[in-house]
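So the structure is just underneath, and the comments pick up after that.
The values are calculated or read from the model by the stated rules, or taken from the named source; none is laboratory data. Since we're looking at a predicted model, the values are computed, not measured. Every residue, glycine among them, receives a Cβ derived from its backbone with ideal geometry; neighbour counts consider all protein chains shown.
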């Protein structure tokens, strides 16, 4: 066995034994809990009217007498149980007050998710050592899950309520969105037709059809953005740059605010000179342009500094997840008090 | 771990490294010149992990921008309407989660009506759920869904969504995130568009986010729409020019979050809350150590560069 392989084998064995000990002794680690909440909807519409489902525990239900639910026929009631994540301390407190209670329960699936998240985090981090199959699997899972999730969410948050819900509101309400209360609006056939035309590029013939809706979307977005950028980024920025060089406050001359104004105007002018190519950058113009480069470099440096700060924060939260949520080594927010 | 201990350890480590550098110059030069970058990754991991394990925090002194954000929310009266535009996803939760939590806590303490929505990503509603589950449901159980807060969820369309809801909110938001008709939600009954909001609080990780809200909401309607924002570090330099005319103020990255947390906790916090609402401050500990490491690495890299240049010339 090569030296490097031996070292890695030892690291994995030690980490595995430590994890096993930690998971099976004391308060354990990597366990997720949920709170069960029963949801109940009742159809309050009279016979012959369109269904009107009211959620029992919402303000809208106050107008009805839902104290005696069984008096509503079974087919007029729909119910399910929701599982919201709960901190381990809530489960511990509930168990202490009422052993064997069923409001807060251990969630096997969420716990498996927690362990998978930790493993995938290590999988992604492992690329820093070198490319490996574990990294490739993690990356493929992220890409696949994201694409599928995006598609499903877009269908339920946009296509159903904002397109099909406008064209066929009763049908959508009957099987997908009981809370939907829209009137038919056939103008929404236009985006439906445009959408179908856009997908026509997948057909073996007539790919050109997709260019028409594409041209429409590009035109609309160009118009929208042109106006917004002209107004917000161009005209407003010119206005914001017109500031007095000497600032006077209630106590007279404000030196620091004045200095800020001088830097603002000065920095703006030298940067503009740097991007002004109608004159050769020689002599006074050249020197001013050089100062402009320095101002730009300082700006890029500040931007890079912020980027570094952001990346460190991202690493910090992954490590917090590993140490806090998974390994239970730290508990800064008191999630496991009483466990 | 307190700051004094951290500084002591840091000074000892840097001092010992300098001693090694001076006494064994040639060996150190060769070792650093051919240093495998994976050692730097390991050092960075330790620089971030050790402060987290030691729960290292530093006192924060809020700057003018953080104070301005705090003051804008303070000016509001109980019952005022606030649009909470949570335009971020799990990829930027580390930077933006703490400020989103602090914003929610502050708005709850002020008794404001909160309208949550997101135009950034389909996983934005989960970020909203985080704020609701971690703050509203735990600290403010008397807050009622549909009366005190509502989750309008995610709508694709980026700036197109903003463009529509500045004039007609219900055209796009026919239902909330859970499928309930917005007509049945009491706090949505009188809402026609977002010009009726007393303030927009935006937490943004990129496109679509703060810039789109500025260009399509606050700029065309400067009298009716006011906004404060919190952004990632990458975005922050691009947002500063909008202050204060188009954007009232800005929390930049985790530093801005930590400063804002300090203001909120000073005004409304108590000891029982622990570090729950100080996650930004908690993440500033690793920031300091990691930044010191980066500065040392930059200095060392420059020393090696010039030493190599000098040797080459010789």
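For the reader, a short list of remarks on this structure follows.
- Check on residue B:184, under 17 Å from residue B:114 (Cα atoms), buried (at least 18 other Cβ atoms within 10 Å of the Cβ) and at pLDDT below 95: yes
Per-residue answers, yes or no, for (1) closer than 30 Å to residue A:322 by Cα; (2) part of a strand (DSSP E or B); (3) at pLDDT below 75:
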position: A:27; (1), (2), (3): yes, no, no
position: A:31; (1), (2), (3): yes, no, no
position: A:35; (1), (2), (3): yes, yes, no
position: A:38; (1), (2), (3): no, yes, no
position: A:42; (1), (2), (3): no, yes, no
position: A:46; (1), (2), (3): no, no, no
position: A:54; (1), (2), (3): no, yes, no
position: A:60; (1), (2), (3): no, no, yes
position: A:79; (1), (2), (3): no, yes, no
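- If you go through segment A:57-68 and pick out every residue that is touching a strand residue (DSSP E or B) at 6+ places or on another chain (Cβ under 7 Å) and farther than 17 Å from residue B:176 by Cβ, you end up with 2.
- Per the conditions (1) more than 41 Å from the chain's Cα centre (by Cα); (2) assigned to a helix (DSSP H, G or I), the sole criterion not satisfied by residue A:238 is (1).
- Residue match in segment B:303-314 (condition: assigned to a helix (DSSP H, G or I), within 11 Å of chain A (Cβ to nearest Cβ), more than 24 Å from residue A:335 (Cα to Cα) and in contact with a helix residue (DSSP H, G or I) (Cβ under 8 Å, 6 or more places away or on another chain)): no
- For segment B:244-262, residues that are part of a loop (DSSP other than H, G, I, E, B), buried (at least 20 other Cβ atoms within 10 Å of the Cβ) and within 9 Å of chain A (Cβ to nearest Cβ) total 1.
- Residue match in segment B:142-159 (condition: under 25 Å from the mean Cα position of the chain (by Cα), closer than 17 Å to residue B:102 by Cα, in the same structural domain as residue B:103 (by TED's automatic domain parsing) and surrounded by fewer than 22 Cβ atoms within 10 Å (Cβ to Cβ)): yes
- Number of residues in segment B:132-156 that are more than 8 Å from chain A (Cβ to nearest Cβ) and farther than 30 Å from residue B:265 by Cα: the value is 0.
- Filtering A:225, A:239, A:211 for residues that are within 11 Å of another protein chain (Cβ to nearest Cβ) and surrounded by 12 or more Cβ atoms within 10 Å (Cβ to Cβ) leaves a single hit, A:225.
- Matching option when the condition is within 14 Å of another protein chain (Cβ to nearest Cβ) and modelled with pLDDT of 90 or more, among A:305, A:266, A:292: A:305
- Leading residue by the ranking (surrounded by the most Cβ atoms within 10 Å (Cβ to Cβ)) among those in segment B:219-228 that are within 21 Å of the chain's Cα centre (by Cα) and either in contact (Cβ under 8 Å) with a residue 40 or more places away in the chain or within 10 Å of chain A (Cβ to nearest Cβ) (or both): B:228
- Scope segment A:159-184; condition within 14 Å of chain B (Cβ to nearest Cβ), closer than 17 Å to residue A:50 by Cβ and surrounded by fewer than 17 Cβ atoms within 10 Å (Cβ to Cβ); matching residues: A:168, A:170, A:174, A:175, A:176, A:183, A:184
- For segment B:263-276, the candidate set comprises residues that are in contact with a helix residue (DSSP H, G or I) (Cβ under 7 Å, 6 or more places away or on another chain) and more than 9 Å from chain A (Cβ to nearest Cβ); within that set, the residue that is surrounded by the fewest Cβ atoms within 10 Å (Cβ to Cβ) is B:268.
- All of (1) over 30 Å from residue B:219 (Cα atoms); (2) within 26 Å of the chain's Cα centre (by Cα); (3) assigned to a helix (DSSP H, G or I) hold for residue A:180 with one exception: (3).
- Applying the criterion of being outside any strand (DSSP E or B) and within 13 Å of chain A (Cβ to nearest Cβ) to the residues of segment B:106-126, the residue that is surrounded by the fewest Cβ atoms within 10 Å (Cβ to Cβ) is B:126.
- Filter result for the condition that a residue is closer than 25 Å to residue A:323 by Cα and in a helix (DSSP H, G or I), over A:19, A:6: A:19
- Within segment B:163-190, being part of a loop (DSSP other than H, G, I, E, B), closer than 23 Å to residue A:156 by Cβ and over 28 Å from the mean Cα position of the chain (by Cα) holds for B:168, B:174, B:179, B:180, B:185.
- Looking only at segment B:277-290, and only at residues there that are closer than 11 Å to residue B:47 by Cβ and more than 7 Å from chain A (Cβ to nearest Cβ), the one that is surrounded by the fewest Cβ atoms within 10 Å (Cβ to Cβ): B:288
- Yes/no for residue B:233 being at the interface with chain A (Cβ under 10 Å from one of its Cβ atoms), under 30 Å from residue A:307 (Cβ atoms) and crowded, with 19+ Cβ neighbours inside 10 Å: yes
- Matching helices (runs of 4 or more DSSP H) fully within segment B:1-79 where at least 1 residues are surrounded by 13 or more Cβ atoms within 10 Å (Cβ to Cβ), at pLDDT below 85 and in the same structural domain as residue B:295 (by TED's automatic domain parsing): B:3-23, B:25-33
- Residue check, residue A:280 touching a strand residue (DSSP E or B) at 6+ places or on another chain (Cβ under 9 Å) and either surrounded by fewer than 17 Cβ atoms within 10 Å (Cβ to Cβ) or not in a helix (DSSP H, G or I) (or both): no
- Pairs, first within 7 Å of another protein chain (Cβ to nearest Cβ) in segment A:313-324, second surrounded by fewer than 22 Cβ atoms within 10 Å (Cβ to Cβ), C-beta under 6 Å, six or more apart: A:319/B:49; A:323/A:329; A:323/A:330
- Hits in segment B:160-178 (condition: closer than 16 Å to residue A:60 by Cβ and surrounded by fewer than 20 Cβ atoms within 10 Å (Cβ to Cβ)): B:178
- Any hit, segment A:3-20, residues being in contact with a strand residue (DSSP E or B) (Cβ under 8 Å, 6 or more places away or on another chain) and at pLDDT 80 or above: no
- Total residues in segment A:296-307 satisfying the condition of being surrounded by fewer than 17 Cβ atoms within 10 Å (Cβ to Cβ) and in contact with a helix residue (DSSP H, G or I) (Cβ under 8 Å, 6 or more places away or on another chain): the figure is 4.
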